[in-house]
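Step one of this worksheet: look at the structure below.
What follows is calculated from the coordinates using simple rules that are stated; it is not laboratory data. The model shown is predicted, which means the values in this text are computed figures rather than measured ones. FYI the Cβ positions are ideal-geometry reconstructions off the backbone, even for glycines, and counts take in every protein chain you see.
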Amino acid sequence: MTQNSSYRDLEAGYDVPALPSAALHEIQTPALLIDLDAFDRNLEKMRAFVERSGIRLRAHAKTHKSADIARLQIEKGGACGICCQKVSEAEAMVRGGIKDILIANEVRDATKLKRLARLATQARIIVCVDDPAAIADLSAAAIEASAIIEVLVEIDCGAGRCGILPGEPARDLAVSVAAAPGLRFSGIQAYHGAAQHIAIEAKRRDAIASARALTRQTLDLIKAAGLTCDIIGGAGTGTYPIEAASGVWNELQCGSYIFMDADYRRVLGPVANDGYEHALFVLTSVMSIAPGRAVTDAGLKAFAVDSGLPTVHGVDGVTCEGLSDEHCQLDDPDGQLAINDRLLMIPGHCDPTCNLHDWYIGVRSETVEVIWPVTARGKLF
């Protein structure tokens, strides 16, 4: 556990699944587990990639919601800063010592804007806009707080989610941002979220090729208007090598690479991109057995299943068949499992799974080495 994390709950010994130096079999289940060796290798692989590519990494902290992990991504993993999705998430990260944050999202509520502006007096804060009507409120909040808020114009480059139309509408919005007191135009947000999980590689590449053309067109118009784009941001774990080689994007916003999950493995194949490994697991215990099946103690309150069921790690022939609130039903046709057996399970989707847990239990050589709080757990506002 890092020096910046509280030992209060650890010293009590009741509110955490394990204490440092505990053996793997002593961890109370269900527990959110990090294989620190795999985690370190993932951290280094991304650092080496951005160094070779000459492109910045702004690691997406919505994956892990941990100030401890964010600091490691910056100090050892080559990241220039982090992304968050919500103001409260960014507030938690600033309290945890992170000083360069992009809220890769729109913020429109008046109270949230005031909090955002106050935060910009404590750290570098960047936020996205996709609507000319947002500028006056954002500017007023910055002026009231005596802050400078950096702004990216978000374009819809194919995901059909947030984002103004590329081209002239985006250029006009950039010009308006640059003219607004208290705001600094810093570039373009061009993230194609839907492309990250396109299973067919050729189609994934086609989606980013289309996004590249739209982003390039917008960038040229903005430059012709006399503005400089310090950040052309986007890319995720599913597509970042394509954006890095595009000659357009200069900041990557990968998140899941640090952990990987079952869905990314299905999409990207056995060796995902540069060979990122599964580093995040839910440790669960067998609590009931019957012929051909077993039940463990980690259900829907321990796993997010929006991207599919978790998979069993390291035990061939055993599969997850379904989850209820507190139980996982396993198919065990060969009767391999016994009561109190521990299983490592890979979440289908790592991001919302992490938000279900209070603590990361970092394990090396089957011994607990660190315990990190999920700093921004529940910070959704």
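Only the Cβ atoms of Lys and Arg (+1) and of Asp and Glu (-1) were treated as charged; on that basis the dipole of segment 55-259 about its Cα centre amounts to roughly 500 debye. DSSP finds beta bridges in the chain, and of those with both partners inside it, around 50 percent are antiparallel.
Any number yet on Rg/Rh for the chain, C-alpha, Kirkwood? Don't skip to the answer; put the middle values down first.
Numbers: Rg = 21.8 Å, Rh = 21.7 Å.
Radius of gyration relative to Kirkwood radius: 1.00.
Across segment 219-314 the C-alpha pair distances fall into 5 Å bins from zero in the proportions 2, 10, 16, 16, 13, 11, 9, 7, 6, 4, 3, 2, 1, 1, 0 percent. Taking the number of Cβ atoms within 10 Å of each Cβ as an exposure proxy, the fewest-first ranking of 306, 206 is 306, 206. Computed over the Cα atoms of segment 233-381, pair by distinct pair, the Kirkwood hydrodynamic radius stands at 16.8 angstrom.
As a proxy for reagent exposure, 124, 108 were ordered by neighbouring Cβ count within 10 angstrom, fewest first; the result is 108, 124. Normalising the average separation of contacting C-alpha pairs (under 8 angstrom, six or more residues apart) by the number of residues puts the relative contact order of the chain at 21 percent. The share of C-alpha pairs in segment 55-259 whose separation exceeds 30 Å stands at 16 percent. Neighbours of residue 299, meaning other residues whose beta-carbon lies under 9 angstrom from its beta-carbon, give a summed charge of -2 when Lys and Arg score +1 and Asp and Glu score -1.
When only the Cβ of Lys, Arg, Asp and Glu is charged (+1, +1, -1, -1), the dipole of segment 25-86 relative to its Cα centre reaches about 480 debye. Reported value for segment 49-153: 94 Å³ per residue, from the convex hull of its C-alpha atoms. Arranged from fewest to most other beta-carbon atoms within 10 Å of their beta carbon, 381, 281 become 381, 281. With angles folded into 0 to 90 degrees, how steeply does helix 201-224 sit against the dominant principal axis of the chain? Use alpha carbons for both and round to 10. Rounded to the nearest ten degrees, it is 30. In a reduced charge model with +1 at each Lys and Arg Cβ and -1 at each Asp and Glu Cβ, the chain shows a dipole moment near 1240 debye about its Cα centre. Hydrodynamic estimate: the Kirkwood radius of segment 24-78 over Cα pairs, inserted into Stokes-Einstein at 25 °C and 0.890 mPa s, corresponds to D of 194 µm²/s.
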